[in-house]
Amino acid sequence: MTLLATLGLGLLLGVKHACDSDHLVTVSTIVARERSAWRSLWIGLSWGVGHTLTLLLVGLVVLYVGFGILIAV
């Protein structure tokens with residue numbers, strides 16, 4: 001699998017994960033409490049950046065340690 005295909009697959013799986021009902025309910029509940037659209041945007045972006053940084057950190061640890069990741073489908 002090429003690097004571009006791997007990145008594309010990661011993006012598609014990330015979008016699928018972000019659209020899971022638990023994420024949609026949680027983010028929409030938090031954002032709906034805010035009266036300001038800018039504050040809502042900030043909360044949504046913070047949520048996304050937090051997830052991204054966590055994935056990046058775990059991915060770097062996996063690469064550093066040399067673990068393989070088995071994907072069970």
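The values are calculated or read from the model by the stated rules, or taken from the named source; none is laboratory data. Small disclaimer: the values here were computed from a predicted structure and weren't measured. FYI the Cβ positions are ideal-geometry reconstructions off the backbone, even for glycines, and counts take in every protein chain you see. For accessibility, only protein heavy atoms count, side chains too; no ligands or nucleic acids. Shrake-Rupley method; radii C 1.70, N 1.55, O 1.52, S 1.80 Å.
Numerical summary
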item	result
Condition check for Gly10: at negative phi, in a helix (DSSP H, G or I), touching a residue at least 12 places away in the same chain (Cβ under 8 Å) and under 13 Å from the mean Cα position of the chain (by Cα)	no
Residue match in region 14-21 (condition: of a type in the set (Val, Ile, Thr) and not in a helix (DSSP H, G or I))	no
Filtered residue count, region 22-37, keeping only those that are assigned to a helix (DSSP H, G or I) and surrounded by 11 or more Cβ atoms within 10 Å (Cβ to Cβ)	7
Selected residue [open to solvent by less than 80 Å² (accessible area, probe 1.4 Å) and among the hydrophobic types (A, V, I, L, M, F, W, C)] from Leu41, Leu9	Leu9
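One line per residue, one yes/no per condition, for (1) modelled with pLDDT of 85 or more; (2) not basic (Lys, Arg):
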site: Val15; (1), (2): yes, yes
site: Arg33; (1), (2): yes, no
site: Arg39; (1), (2): yes, no
site: Ile43; (1), (2): no, yes
site: Val62; (1), (2): no, yes
site: Gly66; (1), (2): no, yes
site: Ala72; (1), (2): no, yes
